[in-house]
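Okay, structure first, notes after.
The values are calculated or read from the model by the stated rules, or taken from the named source; none is laboratory data. Because the structure is a prediction, the values reported are computed rather than measured. No Cβ is skipped: glycine too gets one built from the backbone with ideal geometry, and neighbour counts run over all protein chains shown.
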Amino acid sequence: MKFKLISCEVLYREMCAVIARSPNEVDVEFLPKGLHDIGSGSMRKRLQEAVDRADPQTYEAVLLGYALCGNGTAGLEARSLPIVIPRAHDCIALLMGSRDRYQKYFEQHSGVYFRSTGWIERGEDLQQETLRIVRNKTGAGYTRDELVVRYGEENGQYLYDELNAYQNTYRQLTYIATGLEPDGRFERQARDEAASKGWQYEKIEGNLSLFERLLAGDWSEEDFLIVPPGWRVTATYGSGILDKEPS
């Protein structure tokens, strides 16, 4: 079988490793991590364009290396090819191997912030087009002094405090190791980041089974949503996370 895989670049190393071992022929297109930051509507538009580029004469399905991702995949339409997407809230659940494992970990570790090789290697690149867009629109990524210059002392300080308030809700940084790390530098960077913020640090083992099954065509209803042509992805508040409806 031949598939078109469209994946977030945060999963680059993991997806490349699984592609190399897949029994199927897989062509891959990676999209920039910054899609997560430009809003669900804009993210969905970029994903839809990528999905529509898949040639139905060449491929049997479009596979998504995404989850619900802040509703960024909700509304995606399968037009000429089926779309297959893992049932998960975000890429952390994908890296942990299941949404159940992610949910249990999250319940036991409130205020946890996650890192992986991809998030460290690619998530900090502020030169990406999409991150430049969100920086210009929201002020995210600016230093306090830069915001003060742009908006004045009082407004600049207020914006800086608001944009960085999220850090007050976190108490732990968890690094997900998938076994594909070339050396210890990514873990050291994660550990140093936790120390610089005064957070606890933990390393856990990732699990690539969802990626492997996605590319192998092993799509159980429990873990994958298959969207046939003429249907679109929807979000659900149920345990399945994702569902489908006629376009």
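In table form, for the structure just shown:
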read-out: Top-ranked residue in segment 1-43 [being out of contact with any helix residue (DSSP H, G or I) (no Cβ under 9 Å at 6 or more places or on another chain) and in a helix (DSSP H, G or I); ranked as farthest from Ala78 (Cα to Cα)]; value: Ala20
read-out: Top-ranked residue in segment 199-243 [being without any contact (Cβ under 8 Å) to a residue 40 or more places away in the chain and in contact with a Lys or Arg (Cβ under 7 Å, 6 or more places away or on another chain); ranked as surrounded by the fewest Cβ atoms within 10 Å (Cβ to Cβ)]; value: Gln200
read-out: Qualifying positions in segment 233-247 - assigned to a strand (DSSP E or B) and in contact with a helix residue (DSSP H, G or I) (Cβ under 8 Å, 6 or more places away or on another chain); value: none
read-out: Some residue of segment 73-91 being free of Cβ contacts under 8 Å to residues at least 40 places away in the same chain, in contact with a helix residue (DSSP H, G or I) (Cβ under 9 Å, 6 or more places away or on another chain) and more than 20 Å from Asn207 (Cα to Cα); value: no
read-out: Sole exception among (1) within 22 Å of Thr178 (Cβ to Cβ); (2) surrounded by fewer than 21 Cβ atoms within 10 Å (Cβ to Cβ) for Asp52, by number; value: (1)
read-out: Filter result for Ser40 (at pLDDT 95 or above and either under 15 Å from Leu210 (Cβ atoms) or surrounded by fewer than 20 Cβ atoms within 10 Å (Cβ to Cβ) (or both)); value: no
